[in-house]
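Down below is the structure, laid out as structure tokens.
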Amino acid sequence: MESVYKQQLLDAGTNVDKALDRFMGSEALYDKFLLKFIQDTCYKQLEECIKTGNATEAFMQAHTMKGIAGNLEFESLLEVLVPMTEQLRRGDMTMIKEEQEELKLRYEKLYAVIKENH
Amino acid sequence: MDEHFSQSGTDLEYRLLVGLMGQMGVSVSKHLLDEHFTLLWANDFYYDMIGYPKDDYETLFHNRPDLYYKQYPELWEALGQKVYEAIENKANGYELITKMPVKGGMRWIKLNATFTDQLQNGIPISYTVMTDVEDIMQVRLEQTVAYDNLPGFVAKYKVKQDGRFIMIEANDKYLDFAGIEKDMISAFCPFSRLDDKSRSVLNEYIPLMQKGESVHFVIRSKDKNGTDAWLQLNGECIGWEGKEPVYLVVFIDITDITEQRELQKKLEEQSEQLKEALDFAEKANQAKSDFLARMSHDIRTPMNAIVGMTAIAGAHVDDKERVLDCLNKITGASKLLLSLINEVLDMSKIESGRLKLSDDELNIGELLQDLIIMMQPEIRSKQHQLDIHLMGMQHENVIGDMQRIKQVLMNILSNAIKYTPDNGRILIRINEKSSRDGIGYYEFVFEDNGRGMKPEFLSRICQPFERADDQDIAGIQGTGLGMSISHKIVQMMGGDILIESEYGKGSRFTINMPLRLREQDVPEAIGVPGMSILVVDDDRIACQGTCNCLEEIGVRCDWVCSGEEAVEIARERSEKNNAYFAIIMDLKMPGLNGIETTQLLRAAVGPDIPIIILSAYDVEEYESDAKKAGANGFITKPLFKSKLIQVLKRFIDKENVRGHITPTKLSDADFSGKRILLVEDNELNLEIAVEIIGSTGVSIDTAVNGLEAVNKVSQSPEGFYQMILMDVQMPVMDGYEATRRIRALGRADVSGMPIIAMTANAFSEDVTNALEAGMNYHLAKPIDIIALMAVLDKYL
């Protein structure tokens with residue numbers, strides 16, 4: 001992993017060091033999962049559920065994505081996903097739209113960084 | 001009378017005669033017997049008859065009949081033939097009835113000629129008298145060939161002595177059939193359009209016809225359009241011309257009948273085929289009914305046992321022993337029932353084509369290890385010796401239906417174990433025969449020295465519900481569906497099963513299976529120069545297999561076949577300061593076994609050299625003894641390359657601690673030989689977890705929701721899993737419910753099994769919930785390595 005890449009990830013709100021700790025110092029392993037992350041459909045599915053207004057489904061998707069973001073130390077995403085998940089758990093969709101837009105921005109930034117480096 | 005005639009005394013007489021004849025309607029002419037048959041003189045009637053006035057005749061034909069007949073060479077030919085025949089036979093003349101061309105058509109003429117010995121310019125002279133017999137002929141024709149009302153064709157033929165047929169006459173129908181004109185009759189070649197068979201039939205009858213006998217037979221001929229027609233030929237001899245008979249032949253077109261007959265034949269054939277198909281369908285239906293009957297019986301028996309036992313237990317609630325006994329029997333019957341139902345469902349799926357093979361990513365080595373572990377309890381109870389040989393495995397990572405492949409292999413291995421009397425020997429050989437175009441061709445051989453099978457049974461073995469008719473095995477449990485299903489599944493994969501067996505001696509099942517190759521992990525050459533490993537196994541082939549594996553990853557290797565030799569050689573090396581890097585040792589050996597050898601080795605070479613016990617047998621039994629003796633780890637056979645690398649790496653890395661960036665203790669840990677169940681609903685998270693936790697060497701089974709977790713545990717043999725890591729928030733069934741159910745399974749291992757909750761929530765109430773459900777501990781998500789390590793260490 002080049003230092004440029006690491007810096008980009010940092011700028012996009014990732015705690016790279018903590019993540020590498022989890023992956024036993026293996027940058028290759030971490031990067032493998034970064035790539036898998038952008039190939040995963042969880043974000044798209046979350047978007048869909050929010051669009052259709054299905055709170056229960058949206059909760060499951062948000063919860064799942066939160067888990068992944070946690071493992072990969074995407075702090076910028078977690079900032080939005082944590083409150084989002086709790087609201088959806090209660091069935092509260094009032095703030096969802098704004099949160100979704102914020103999430104989209106941050107997700108796309110991360111996506112671009114990872115894509116660029118593959 | 002013409003003045004041009006030369007006058008002589010006799011002329012007058014002729015003139016009178018001629019005049020008389022002329023009045024009678026008779027033509028008289030005088031000809032030279034030259035090649036032209038030159039007309040010298042003719043009476044008026046001659047010219048009337050032919051329709052050309054005398055001047056015209058002279059101008060057009062120069063008094064030469066051969067010119068006159070120019071367009072009718074056949075008629076001229078016939079005429080000339082007649083003349084020369086007559087001369088040859090020194091006759092005075094000849095008679096001929098022939099069709100003569102006249103202006104505007106043809107007429108039937110009767111010719112009577114007389115030769116004289118008068119000469120003109122040296123050429124003889126002949127006189128010809130001609131009478132018009134057209135009318136007479138017509139009548140006769142009408143009489144003889146007025147058959148247009150008849151349903152057939154009629155023709156008159158002369159049968160020549162050489163077997164040829166000359167057609168004399170034919171009716172319109174015939175002409176139409178043959179596509180010829182009336183005037184072509186004499187030139188027509190009859191029977192020229194017969195097919196070969198008919199030709200030979202005709203030839204057979206020709207001799208009879210030459211004798212004038214009546215004939216009846218059938219021929220096939222083509223008509224003018226080339227269409228085939230079947231004709232019934234009926235011939236009668238109606239006269240003779242010299243030695244040659246004249247036949248009147250009536251042809252009846254029986255094509256329709258013949259076609260009908262052919263059609264009928266086809267219908268009969270079809271009817272026969274339908275009958276056969278019906279028979280077959282009936283038999284299949286019968287087979288299905290038999291199947292249902294058998295199945296119902298096989299289901300009812302254990303079901304009855306369950307009902308009965310439940311009732312008894314209910315009636316003796318306070319009799320603990322009795323109740324336990326009933327429960328045991330219920331468990332046994334339930335398991336049998338479940339397996340039967342599964343098998344029948346499988347059969348049904350296969351038969352209706354609904355069985356879909358999935359494309360799982362799997363590792364053959366791991367799959368086999370799982371298989372062996374699952375069958376270990378059975379092997380142990382029958383005290384069998386188990387040998388496993390792994391050959392030529394270049395590609396471990398393939399794509400296939402993991403569940404079904406396991407099902408097939410387990411079925412065959414289970415049969416080998418079941419049908420081999422105690423203390424038997426079972427050999428499993430796995431071979432990668434070749435690979436090309438992204439497909440690997442694998443061979444799994446299961447050989448036993450058990451009862452074997454008789455040839456009659458062998459031929460039926462893959463049919464449903466077939467079990468051998470043998471007193472000895474009547475007591476062995478089995479549904480008779482296993483082989484049938486396995487066989488079909490393997491066929492679906494594009495492989496096959498070869499079965500060899502000798503009654504009383506043993507059997508060999510060879511399964512050939514092509515599997516799509518995956519991206520292979522490149523086997524790193526992890527060998528460090530100077531590093532060598534000792535392999536100890538009484539099975540030579542197994543030794544060689546392991547050594548080949550080692551050499552392929554760049555590690556030098558020695559092997560011995562006994563514990564004693566191992567101690568000897570290891571001691572030597574250590575004394576020479578060239579100690580082995582590690583020792584891989586088989587557990588069960590005659591003479592010194594693996595554990596005893598380990599003890600001696602420790603005494604001989606000290607505590608540093610890693611000793612890894614490799615065994616086909618149950619780890620559980622020997623684990624504590626082995627650890628006490630000084631062994632470092634356990635690997636289940638078969639030992640495959642990726643596993644070997646994984647294990648060795650751990651020991652190599654241990655040596656190179658300084659190479660690590662961060663002190664991750666995970667790689668220090670060695671949980672090889674342990675197995676945990678990891679339950680997590682998200683695929684990506686699951687992969688990450690497997691990757692991280694797997695680096696400790698522990699084997700990981702996965703489930704994607706609580707229900708699957710419960711199923712996996714209940715279907716596993718006792719003690720299969722040593723720990724469960726369970727996500728809490730999952731679809732279908734959450735972690736709490738799953739834990740409750742698992743704890744409630746009537747098994748020995750689940751009561752004490754560590755079940756660890758994994759959850760993103762760290763609220764105290766969640767911790768309480770977890771404990772209440774029966775979970776031992778609680779790990780926060782995302783995975784924290786240190787916490788994980790602690791948990792693994794504590795519980796494994």
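The values are calculated or read from the model by the stated rules, or taken from the named source; none is laboratory data. Computed from a prediction, not measured in an experiment: that's the story for all the values here. Note: ideal-geometry Cβ built from the backbone for every residue, glycine included; neighbour counts use all protein chains shown. Accessible surface areas use protein heavy atoms only, side chains included; no ligands, DNA or RNA. Shrake-Rupley method; radii C 1.70, N 1.55, O 1.52, S 1.80 Å.
Look at where the Cα atoms of region A:37-81 and of region B:576-603 average out, and the two centres are 53 Å apart. On region A:3-117, 52 percent of the accessible area sits on carbon and sulfur atoms, based on a 1.4 Å probe.
Please name which of B:Ile700, B:Leu771, B:Pro245 has its Cα lying farthest along the dipole of the protein assembly as shown towards the positive end, using unit charges on Cβ (Lys, Arg +1; Asp, Glu -1) and the Cα centre as origin. Of the candidates, B:Leu771 comes out farthest on the positive side. The residues of region B:137-253 have, on average, 55 Å² of accessible surface per residue, using a 1.4 Å probe with all protein chains present.
What you get for region B:360-517, charging only the Cβ of Lys and Arg (+1) and of Asp and Glu (-1), is a dipole of about 180 debye around the Cα centre.
Note on B:Lys288: aspartates and glutamates with a C-alpha under 20 Å away, same-chain residues under 8 apart excluded, are B:Glu276, B:Asp279, B:Asp298, B:Glu343, B:Asp346, B:Glu351, B:Glu466.
In region B:137-253, Cα pairs under 8 Å separated by at least six residues give a relative contact order of 27 percent. Here's how it looks for B:Tyr777: its modeled amide H is under 5 Å from those of B:Ile755, B:Ala757, which are all 5 or more places away or on a different chain. Using just its DSSP H runs of length 4 or more, each adding -39500 (n - 2.57), chain B gives a mean residue ellipticity at 222 nm of -14000 deg cm²/dmol after division by all residues. Over region B:360-517, all Cα pairs binned in 5 Å intervals from 0 give whole-percent P(r) values of 2, 9, 19, 23, 20, 15, 8, 4, 1, 0, listed from short to long.
One decimal place: the segment B:Glu321-B:Lys222 gains 25.9 nm when fully extended, by the rule 0.36 nm per residue minus the C-alpha distance.
Taking only the alpha carbons of chain B, we obtain Rg and Dmax values of 54.4, 167 Å in that order.
Express in % the proportion of alpha carbon pairs of region B:5-132 at distances exceeding 20 Å.
On the way: 3376 of 8128 pairs.
Result for the distance tail: 42 percent.
In region A:1-29, burial by the other protein chains removes 10 Å² or more of 1.4 Å probe accessible surface, compared with the chain on its own, from A:Asp21, A:Arg22, A:Phe23, A:Met24, A:Gly25, A:Leu29.
Per residue, the convex hull spanned by the Cα atoms of region B:532-652 amounts to 90 cubic angstrom. The calculated FRET efficiency for the pair B:Ser358 and B:Gln260, based on their C-beta separation and a Förster distance of 60 Å, comes to about 0.55.
With 18 Å as the limit, write out which pairs from B:Lys103/B:Lys158; B:Lys588/B:Lys637; B:Lys643/B:Lys674; B:Lys406/B:Lys588; A:Lys6/B:Lys649; B:Lys382/B:Lys418 have Cα-Cα distances beyond it, or answer none. Intermediate values should be presented prior to the final figure.
On the way: B:Lys103/B:Lys158 30 Å; B:Lys588/B:Lys637 12 Å; B:Lys643/B:Lys674 14 Å; B:Lys406/B:Lys588 26 Å; A:Lys6/B:Lys649 28 Å; B:Lys382/B:Lys418 8 Å.
Flagged as over cut-off: B:Lys103/B:Lys158; B:Lys406/B:Lys588; A:Lys6/B:Lys649.
Residues of chain B were split at every exposed loop site, defined as GluC sites (Glu not before Pro) in a DSSP loop with at most 15 other C-beta atoms within 10 angstrom, and the longest piece left, sites excluded, is B:214-465. Here the accessible area of chain B is 51 percent carbon and sulfur, with a 1.4 angstrom probe and all protein chains present. Evaluated with a Cβ-only charge set (Lys, Arg +1; Asp, Glu -1), region B:5-132 carries a dipole of roughly 220 debye about its Cα centre, given to the nearest 20.
Think of each Lys and Arg Cβ as +1 and each Asp and Glu Cβ as -1; about the Cα centre, that makes the dipole of chain B roughly 1600 debye. Relative contact order for region B:666-795: 22 percent, from Cα pairs under 8 Å spaced at least 6 residues apart, divided by residue count.
Using R0 = 25 Å, the C-beta based FRET efficiency linking B:Asp183 and B:Lys103 works out to 0.95.
List, by residue number, every residue in region B:686-712 with a reduction of 30 Å² or greater in accessible area between the chain on its own and the complete protein assembly, 1.4 Å probe. By number: B:Glu687, B:Ile688, B:Glu691, B:Ile692.
Please give the direction-averaged projected area of the C-alpha convex hull for chain A, in square nanometres with one decimal. Please report the intermediate quantities before stating the final value.
Working: hull surface 26.1 nm².
One quarter of the hull surface, i.e. the mean projection, equals 6.5 nm².
What's log10 of I(q)/I(0) for region B:236-287 at q = 0.12 Å⁻¹, Debye sum over Cα points only, no solvent? One equal scatterer on each Cα of region B:236-287 leads to -0.56.
Run through region B:278-361 and list the trypsin sites (Lys or Arg not before Pro) located in a DSSP loop whose Cβ has at most 15 other Cβ atoms within 10 Å.
On the way: sites: B:Lys283, B:Lys288, B:Arg294, B:Arg300, B:Lys320, B:Arg322, B:Lys329, B:Lys335, B:Lys349, B:Arg354, B:Lys356; in loops: B:Arg354, B:Lys356.
Within region B:278-361, the qualifying trypsin sites (Lys or Arg not before Pro) (loop, at most 15 other Cβ atoms within 10 Å) are B:Arg354, B:Lys356.
Bridgeable lysines around B:Lys197 (alpha carbons under 17 Å apart, same-chain partners fewer than 8 residues away excluded): B:Lys222.
For chain B, taking a cut-off of 4.7 Å between Cβ atoms, the unpaired cysteines are B:Cys189, B:Cys237, B:Cys326, B:Cys462, B:Cys543, B:Cys549, B:Cys561.
For region B:137-253, taking Cα atoms only, Rg and Dmax work out to 13.3, 39 Å respectively.
Could you grab the Rg to Rh ratio for region B:666-795? Cα atoms only, Kirkwood for Rh.
On the way: Rg = 13.3 Å, Rh = 14.4 Å.
Answer for region B:666-795: 0.92.
Over region B:308-404, the Kirkwood radius and the radius of gyration, each from Cα atoms, give a ratio Rg/Rh of 1.15. Heavy-atom accessible area buried between chains B and A is around 1900 Å² (1.4 Å probe, both sides summed).
Over the alpha-carbon set of the protein assembly as shown, divide Rg by the Kirkwood Rh and report the Rg/Rh ratio to two decimals.
Working: Rg = 54.0 Å, Rh = 38.4 Å.
Using only Cα positions, Rg/Rh for the protein assembly as shown is 1.41.
Using a Förster distance of 25 Å, how high is the FRET efficiency between B:Thr116 and B:Arg164, based on the Cβ-Cβ distance and rounded to 0.05? So, using R0 = 25 Å, E works out to roughly 0.10.
Pairs exceeding a 25 Å alpha-carbon distance, out of B:Lys329/B:Lys349; A:Lys51/B:Lys712; B:Lys356/B:Lys712; A:Lys36/B:Lys781; B:Lys454/B:Lys488; B:Lys224/B:Lys266: B:Lys329/B:Lys349; A:Lys51/B:Lys712; B:Lys224/B:Lys266. Taking every residue in A:32-45 and counting other chain Cβ atoms within 10 Å of its Cβ, the average works out to 2. Taking the charge dipole of chain A about its Cα centre, with +1 at Lys and Arg Cβ atoms and -1 at Asp and Glu Cβ atoms, the residue from A:Cys49, A:Ala19, A:His118 reaching farthest to the positive side is A:Cys49. Placing pseudo-labels 7 Å out from each Cα toward the beta carbon at B:Lys418 and B:Arg380 gives an inter-label distance of 2.2 nm.
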